[in-house]
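The values are calculated or read from the model by the stated rules, or taken from the named source; none is laboratory data. Everything quoted here is computed from the prediction, not taken from an experiment. Positions of Cβ are generated from backbone atoms using ideal geometry, with glycine treated the same way; all protein chains shown enter the neighbour counts.
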Amino acid sequence: MDLSNIVPALPGLVEGMILTLELLFFAVLGGVALGTLLALARMSSNPVLSKLAGFYVNYFRSIPLLLVITWFYFMVPFIIGWITGRPTPIGAFTSCLIAFMMFEAAYYCEIVRAGIQSISKGQANAAYALGMTYSQAMRLIILPQAFRKMMPLLLMQSIILFQDTSLVYAVGLMDFLNTARSKGDIVGQPHEFLLLAGAVYFLISFSASMIVKRLQKKLAV
Amino acid sequence: MISIQNINKWYGSFQVLTDCSTEVKKGEVIVVCGPSGSGKSTLIKCVNGLEPFQSGKILIGDTSVGDPKTDLPKLRSKVGMVFQNFELFPHLSITDNLCLAQQRVLGRSMDEAMEKGLKLLDRVGLKAQANKYPGQLSGGQQQRVAIARALAMDPIAMLFDEPTSALDPEMVNEVLDVMVELAQEGMTMMCVTHEMGFARKVATRVIFMDQGHIVEDASKDEFFNQTRSERAQLFLSKILQH
């Protein structure tokens with residue numbers, strides 16, 4: 001076990017982690033936003049909207065993330081080029097980000113939907129009785145309460161996403177795991193670097209889960 | 001002021017309201033009573049459009065509740081409603097509960113809303129609780145705040161859906177006192193309740209419902225002393241024993 005090559009590799013590893021965290025940050029933001037819209041669409045009284053949203057969610061929850069990442073890597077530049085009429089190269093980072101957002105949105109949608117449905121109908125009635133519109137009732141009364149309730153689950157899903165970001169190796173993006181693996185291969189010490197990567201992922205995921213547990217206790221009624 | 005005309009409502013194939021008609025004039029206090037499942041809560045929720053109905057007409061002033069062209073939020077802002085489970089917004093402070101709708105629906109400024117809200121809070125005897133959260137108040141206190149919240153919108157009428165049914169017996173009176181005061185000040189009120197003492201005190205008319213029908217609709221004195229229908233007599237005999 002020779003750990004001497006890890007220190008000089010640290011700057012590269014940090015860069016990889018930064019990429020991982022960037023992907024995570026924007027994917028969570030975009031995913032939750034899109035997921036919330038999907039949840040509202042799925043619960044809407046408009047049959048077209050609710051069926052479309054349902055189809056989207058069921059579809060993305062039935063296929064592997066790796067598949068989505070690989071598809072989007074080829075499809076996104078192609079579709080954008082087709083729309084704008086000229087070939088537009090999109091970096092792997094952007095196509096992966098879009099893939100993550102669209103994939104996770106399906107999972108976030110179900111969490112948000114459960115959250116909204118767990119808020120008693122009386123709250124919505126009270127809001128409407130005061131003269132609020134659907135949009136006001138959602139924004140001011142229902143969604144704030146739903147998010148508070150669903151925060152632990154949303155965070156758990158994000159921790160899973162954090163680990164899933166490692167799948168971008170498939171399209172050559174140098175995230176943390178991919179960087180660790182390649183650094184290890186270069187110096188001929190794959191085991192040490194993978195062990196390090198495993199330890200780092202474990203530390204981050206585990207600490208995050210502990211925070212989520214504390215949050216759950218704090219928010220419990 | 002409120003005109004309910006031949007309302008019929010179905011949940012799927014089950015008819016919950018059959019040909020319900022009644023009028024509530026300005027300043028009247030109408031008490032709606034009846035056994036569980038009689039449709040009284042459903043009827044009152046139809047008045048402000050929280051529940052849709054398939055046939056019939058409900059007019060508040062000149063506005064038809066069931067008309068798809070009606071601006072329902074605007075109409076609802078003029079009719080206050082108090083719920084059995086209080087339904088205060090738990091993530092907001094008492095002050096915010098009172099001011100939110102005033103600002104967002106009526107467009108009042110923060111100062112105006114606060115002034116009105118605190119005045120009403122004082123009126124229901126809870127000024128000291130202004131900065132607390134609903135979870136820190138007792139049921140009776142929450143319901144009084146809920147009444148203040150509805151009154152803050154300066155409604156033309158108030159609807160009460162079993163306002164004291166979820167309260168401990170000790171707290172029922174503090175809420176009823178507020179309602180009695182409101183009635184004596186001339187507010188047009190429609191209350192679904194089992195509190196016959198309240199009805200005897202301030203009701204103009206009492207409506208008795210059973211299985212989706214309005215079985216009796218009489219002035220207070222007639223209802224209590226010269227009850228016409230057998231079903232209403234049976235109901236009264238059972239509940240007035242307490």
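Quick look at the values:
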quantity	calculated
Evaluation of A:Gly85 against (1) on the phi < 0 side of the Ramachandran plot; (2) free of Cβ contacts under 8 Å to residues at least 12 places away in the same chain (one fails), failing number	(1)
Residue in segment A:133-142 that is farthest from A:Thr36 (Cα to Cα), counting only those that are more than 9 Å from chain B (Cβ to nearest Cβ) and either of a type in the set (A, V, I, L, M) or not in a helix (DSSP H, G or I) (or both)	A:Ala137
Subset of segment B:100-119 (residues that are within 14 Å of another protein chain (Cβ to nearest Cβ) and part of a helix (DSSP H, G or I))	B:Leu100, B:Ala101, B:Gln102, B:Gln103, B:Arg104, B:Ala113, B:Lys116, B:Gly117
Among the residues listed as B:Ser21, B:Ser38, the single one being modelled with pLDDT under 90 and more than 15 Å from the chain's Cα centre (by Cα)	B:Ser38
Of all residues in segment B:129-159 being farther than 16 Å from B:Glu174 by Cα and of a type in the set (Gly, Ala, Ser), the one that is surrounded by the fewest Cβ atoms within 10 Å (Cβ to Cβ)	B:Gly135
Some residue of segment A:5-27 being over 30 Å from A:Thr179 (Cα atoms), crowded, with 18+ Cβ neighbours inside 10 Å, touching an Asp or Glu at 6+ places or on another chain (Cβ under 8 Å) and not acidic (Asp, Glu)	no
Residue satisfying condition, being in a helix (DSSP H, G or I), touching a His at 6+ places or on another chain (Cβ under 9 Å) and among the polar types (S, T, N, Q), within set A:Gln163, A:Gln145, A:Gln157	A:Gln145
Cβ pairs under 7 Å, 6+ apart, first in segment B:68-91 and facing chain A (nearest Cβ under 7 Å) and surrounded by fewer than 23 Cβ atoms within 10 Å (Cβ to Cβ), second of a type in the set (D, E, K, R) and in a helix (DSSP H, G or I)	B:His91/A:Arg148
Residue ID - farthest from the other protein chains (Cβ to nearest Cβ), chosen from residues in segment B:122-153 that are farther than 16 Å from A:Leu130 by Cβ and of a type in the set (A, V, I, L, M)	B:Ala128
Of all residues in segment A:95-120 being within 14 Å of the chain's Cα centre (by Cα), over 12 Å from A:Ile69 (Cβ atoms) and of a type in the set (Val, Ile, Thr), the one that is nearest to the other protein chains (Cβ to nearest Cβ)	A:Val112
Criterion (more than 20 Å from A:Ala137 (Cα to Cα) and not hydroxyl-bearing (Ser, Thr, Tyr)) met by exactly one of B:Val145, B:Val175, B:Val105	B:Val175
